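Report on one structure; see the data block that follows.
The values are calculated or read from the model by the stated rules, or taken from the named source; none is laboratory data. Here the structure is a predicted model, which is why all the values come from computation and not from measurement. FYI the Cβ positions are ideal-geometry reconstructions off the backbone, even for glycines, and counts take in every protein chain you see. The area values use the complete protein model at the heavy-atom level, side chains included, leaving out ligands, DNA and RNA. Shrake-Rupley method; radii C 1.70, N 1.55, O 1.52, S 1.80 Å.
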Amino acid sequence: MSEAFRIKILAADKTFYDGLAISLTVPAFDGSFQVLAHHEPVVMALKEGVIKFVVMDENAKEQEIRGVNGIGVVKVDRDLVTILVDTIETPDEIDRARAERALHRAMEQLRQDQSIQEYEMTKASLARAMLRLSESSKLSDTGE
């Protein structure tokens, strides 16, 4: 049995998770980053993506929990990982119609003349919408 460590995932509007996990994978800017118990301390920026962590359910079986996240930061201490993100939601919390509208709006904005900053923000909005739709599609494909 793997050792557990505590993770706290906090968004601007809620506590997404506060409990024990046996592994954690976060989307860093240079690729996915996995944390296990007793990991070396580190602080890093997170990009939009999917935070995945494995917990033990009441039947002592491993269960993966996924959260579609916005940008943020992760701080790893030996037995506590704290994640601060602007947004996070489970795939079943995603409003597909809203995500599709955001995708179309971002695609239309990319066609417009924009400053470099506006262009980068639009690209981030597009990526976020595509990620949300992708994760919600995986949920419907599995029949959950």
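Things worth noting here:
- For the range 1-103, GluC sites (Glu not before Pro) meeting the loop criterion (DSSP other than H, G, I, E, B) and having at most 13 other Cβ atoms within 10 Å: Glu3, Glu58.
- Exposure ranking of Ile51, Ile71 by accessible area [1.4 Å probe, largest first]: Ile71, Ile51
- Where labels lie 7 Å past Cα in the beta-carbon direction, separation of Met121 and Asn59 in nm: 4.8
- Computed from phi, the 3J(HN,Hα) profile of the range 70-84 under the Karplus parametrisation 6.51, -1.76, 1.60 (θ = phi - 60°) reads x, 5, x, 9, 10, 10, 9, 10, 4, 10, 9, 10, 10, 10, 10 Hz, with x in place of Gly and Pro.
- Solvent-accessible ranking of Thr82, Thr122, largest area first, probe 1.4 Å: Thr82, Thr122
- Reachable lysines from Lys52, criterion Cα separation under 23 angstrom, eight or more residues apart if same chain: Lys8, Lys14, Lys61, Lys75, Lys138
- For the chain, the Kirkwood hydrodynamic radius comes to 16.2 Å, computed from all pairs of different C-alpha atoms.
- Looking at the chain, the accessible area is 60 square angstrom per residue; that uses a 1.4 Å probe and ignores ligands, DNA and RNA.
- In Å², nearest 10: area of Ser137 left accessible to a 1.4 Å probe: 40
- Karplus-derived 3J(HN,Hα) values for the range 48-55, using 6.51 cos²θ - 1.76 cosθ + 1.60 with θ = phi - 60°, are 4, x, 10, 8, 10, 9, 10, 10 Hz; glycine and proline are entered as x.
- Exposure rank, largest accessible area first [Asp113, Asp95, Asp13, Asp57; 1.4 Å]: Asp113, Asp13, Asp95, Asp57
- On Cα atoms only, tilt of 96-110 relative to the major axis of the chain in degrees: 50
- On the range 1-48, 52 percent of the accessible area sits on carbon and sulfur atoms, based on a 1.4 Å probe.
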